[in-house]
Amino acid sequence: MDARGRRVLRGEHRMARFAVAMASLILAGASLACQGPPPDADRDERMGWWREARFGMFIHWGLYAIPAGEWGGTPAPGTGEWIQRNARIPADDYAALASRFNPRRFDARAWARLARDAGMKYLVITAKHHDGFCLFDSAATRYDVIDATPFGRDIVRELGEACREEGVRFGVYYSIWDWRHPDFRRDDGGLDRMPMYVAYMKAQLRELLTGDDAPAVVWFDGEWTEEWTEERGQDLYAFCRSISPRVIVNNRVSKARDGMAGFSSYRGAGDYHTPEQEIPARPPPGTDWETCMTMNDTWGYRDDDPNWKPAAALIRQLAEVAGKGGNFLLNVGPTGEGEIPAPSVERLRAIGRWLAVHGEAIHATSAGPFRRATWGHATVKGSTLYLLVTDWPRDGRLEVVGLRSRVLGARVLGGPEVETLAPRGPIRWPMLVLPIDPPDEAAGVIRLDLDGPADVEEPPITPGPGGELVLHAAAADLTGRGIRVERKADDIPNIGAWTDRDGSASWPVALGAGAYLVELELASTDGSAGSGYVVELGAARVEGVVPATGGWERFVAHAAGVVRLPAEGAGTVVVRARGELKHALMNLRRVTLTPVR
């Protein structure tokens, strides 16, 4: 039989499978309830590998890689994977891209090896994004890589096999929202078509999750639409785990998942939280969470997005995420030809080189014990404490403020042993004598072997040697809806999304009596400037109006005024809004209190 005959025969077999699958969907639509997930007494064991992984690769790839952010000769707004929606492309015109999807340069083994060499322990690919196109062979639709494209290869299966061969755990992203499927509709005239669509999803998830080589993770998305309900989310989570009891499912299966502001007080379905494009300021202890992040400004490939984060900034983000006990899922968006863009490869290789030296401070560690360390972040592993120093001390002296444990030994990873000076006289805490030059541009790591588990207290923030008190955004306690710590292009943390008039930022401090000039390093747009603020320290306070600085990323030093403290003591510096906001209060990078002589 020639190639044409084999293709026709394969098509006939698939049509038969398709008919059987559609019949099962119709029957399934009448009864969608499942018996619930299997008992989860072994949750810690099930989540064990994921908690140790700390670093993974996200892959956004599909038909949207072909237009690469442009339609009809015009750049489309937004990220690459949303081009169908944002460029208002008719469904049939967009679906026609499938006839051009022939990524001859796709090499599953090379992708898996790149992830492994970057120090990534797992990989998640978009098996189906919002456009409804499937990168796997599905009997439930012909809108997939086998039936609709000249490529005709099951990308999900090939990449899953390659990951297993390279020792990388494999996961699939699956969108609940589907722009193409006719049954994804809100209730209309008493006819609820969603049960049919849920049956369709379950048929595809059964295909993906059945077998010994089933994905280790299902990463849902698109749950925010009106059509999706919490009940359906709970049911879908239970269904996935009934098919594959050890699978790990993210919280976006659930309508009750947390928003960008932090973690929901109500935990819906799913095994872990998923903050997007942000690192939470204060994740609750013992919470499983994963930050997903792009390397530039898009998830799906755009050839007009050169805004790449430096490798050093990505390493510092990885260090912060691990220091807060989370995972870091870093995205790549391959081209329509099937290549991971060179800037992504360069950054992944740089991260891999850093992890080759410092990986013991990231993988299989737990969140560090420090909340307000000004030098960086920390992780722990048994009685070993790792200091991930992103702000290397210029004089080579690092006082580990708050550490009460005895240091038995210290060394720079990839470098020399470090002398430790015990607390004595003006030195209240262990003092490390470090090399003057940092061992790495992104972050140097110091390993401390302690006499037991890290024993740390959180003393108030005190002035530096010159008497100046500097309160950094990353060290603040935040209250209010939406307010969070974020980063601009220079990767310096700031407090942003300050749209809640009741939101506040605060820091515990200890100051001597006297007068202090209060300065805010802030940014604001012309449209948001003019909101009132107040800075309080006990009964002392200064008030002012936020000035326009020329943009949210243009930070300036703004003198708020002078506060006078009648007596030495501990207290709390609080910054909050005064009155109504015009839009957002400000972006705040730091507060500085300088003695007025």
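The values are calculated or read from the model by the stated rules, or taken from the named source; none is laboratory data. Predicted, not measured: the structure shown is a model, and the values here were computed from it. All Cβ positions, even for glycine, are placed from backbone atoms using ideal geometry, and neighbour counts span all protein chains on display.
Mind listing whichever residues of the range 41-77 are surrounded by fewer than 22 Cβ atoms within 10 Å (Cβ to Cβ), part of a loop (DSSP other than H, G, I, E, B) and in contact (Cβ under 8 Å) with a residue 60 or more places away in the chain?
Hits for the range 41-77 are Ile66, Ala68.
Report yes if some residue within the range 409-420 is part of a loop (DSSP other than H, G, I, E, B), in contact (Cβ under 8 Å) with a residue 40 or more places away in the chain and in the same structural domain as Val563 (by TED's automatic domain parsing); otherwise report no.
No, the range 409-420 contains no residue that is part of a loop (DSSP other than H, G, I, E, B), in contact (Cβ under 8 Å) with a residue 40 or more places away in the chain and in the same structural domain as Val563 (by TED's automatic domain parsing).
Which condition from (1) without any contact (Cβ under 8 Å) to a residue 24 or more places away in the chain; (2) more than 30 Å from Ala567 (Cβ to Cβ); (3) not basic (Lys, Arg) is the one that Gly464 breaks?
With (1) without any contact (Cβ under 8 Å) to a residue 24 or more places away in the chain; (2) more than 30 Å from Ala567 (Cβ to Cβ); (3) not basic (Lys, Arg) applied to Gly464, the lone miss is (2).
Any idea which of (1) within 17 Å of Val573 (Cα to Cα); (2) part of a loop (DSSP other than H, G, I, E, B); (3) of a type in the set (Asp, Glu) is the one Glu519 doesn't satisfy?
(2)
Yes/no per residue for (1) at pLDDT below 95; (2) part of a loop (DSSP other than H, G, I, E, B); (3) closer than 30 Å to Thr374 by Cα; (4) touching a helix residue (DSSP H, G or I) at 6+ places or on another chain (Cβ under 6 Å):
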site	(1), (2), (3), (4)
Arg257	yes, yes, no, yes
Pro284	yes, yes, yes, no
Tyr301	no, yes, no, yes
Ala312	no, no, yes, no
Ile315	no, no, yes, yes
Val321	no, no, yes, no
Leu329	no, no, yes, no
Glu339	no, yes, no, no
Pro343	no, no, no, no
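Does Trp111 fit the bill of being among the hydrophobic types (A, V, I, L, M, F, W, C), in contact with a strand residue (DSSP E or B) (Cβ under 8 Å, 6 or more places away or on another chain), within 25 Å of Met293 (Cα to Cα) and part of a loop (DSSP other than H, G, I, E, B)?
Judged against the criteria, Trp111 is not a match.
Can you find a residue in the range 182-191 that is small (Gly, Ala, Ser) and either closer than 24 Å to Ala112 by Cα or touching a residue at least 24 places away in the same chain (Cβ under 8 Å) (or both)?
Looking through the range 182-191, none of the residues is small (Gly, Ala, Ser) and either closer than 24 Å to Ala112 by Cα or touching a residue at least 24 places away in the same chain (Cβ under 8 Å) (or both).
May I ask you to verify whether Thr291 is free of Cβ contacts under 8 Å to residues at least 60 places away in the same chain and surrounded by 22 or more Cβ atoms within 10 Å (Cβ to Cβ)?
Yes, satisfied.
Which ones in the range 132-149 are closer than 12 Å to Ser99 by Cβ and among the polar types (S, T, N, Q)?
Answer for the range 132-149, where residues must be closer than 12 Å to Ser99 by Cβ and among the polar types (S, T, N, Q): just Thr149.
Right, Ala529: more than 30 Å from Ile427 (Cβ to Cβ), without any contact (Cβ under 8 Å) to a residue 12 or more places away in the chain and not assigned by TED's automatic domain parsing to the domain that holds Tyr386 or not?
Spelling it out, it is not the case that Ala529 is more than 30 Å from Ile427 (Cβ to Cβ), without any contact (Cβ under 8 Å) to a residue 12 or more places away in the chain and not assigned by TED's automatic domain parsing to the domain that holds Tyr386.
Would you mind telling me which numbered condition in (1) in a loop (DSSP other than H, G, I, E, B); (2) of a type outside the set (Lys, Arg); (3) touching a Gly at 6+ places or on another chain (Cβ under 9 Å) Asn307 fails?
Tallying (1) in a loop (DSSP other than H, G, I, E, B); (2) of a type outside the set (Lys, Arg); (3) touching a Gly at 6+ places or on another chain (Cβ under 9 Å), Asn307 fails exactly one: (3).
Checking Asp502 against (1) of a type in the set (D, E, K, R); (2) closer than 23 Å to Val562 by Cα; (3) outside any strand (DSSP E or B), only one condition comes out false. Which one?
Unmet condition: (2).
Under 9 Å between Cβ atoms, which residue pairs at least 6 apart in sequence (or on different chains) link something in the range 268-287 that is farther than 27 Å from Pro39 by Cα and among the acidic types (Asp, Glu) with a partner that is at pLDDT below 90 and assigned to a loop (DSSP other than H, G, I, E, B)?
Glu276/Met260; Glu278/Met260
Would you confirm whether or not the range 459-470 contains a residue that is at pLDDT 90 or above, within 27 Å of the chain's Cα centre (by Cα) and either of a type outside the set (Lys, Arg) or closer than 15 Å to Thr374 by Cβ (or both)?
No, the range 459-470 contains no residue that is at pLDDT 90 or above, within 27 Å of the chain's Cα centre (by Cα) and either of a type outside the set (Lys, Arg) or closer than 15 Å to Thr374 by Cβ (or both).
Would you point out which residue out of Leu205, Leu123 is in the same structural domain as Pro334 (by TED's automatic domain parsing), free of Cβ contacts under 8 Å to residues at least 60 places away in the same chain, not in a loop (DSSP other than H, G, I, E, B) and not hydroxyl-bearing (Ser, Thr, Tyr)?
On inspection, the qualifying residue turns out to be Leu205.
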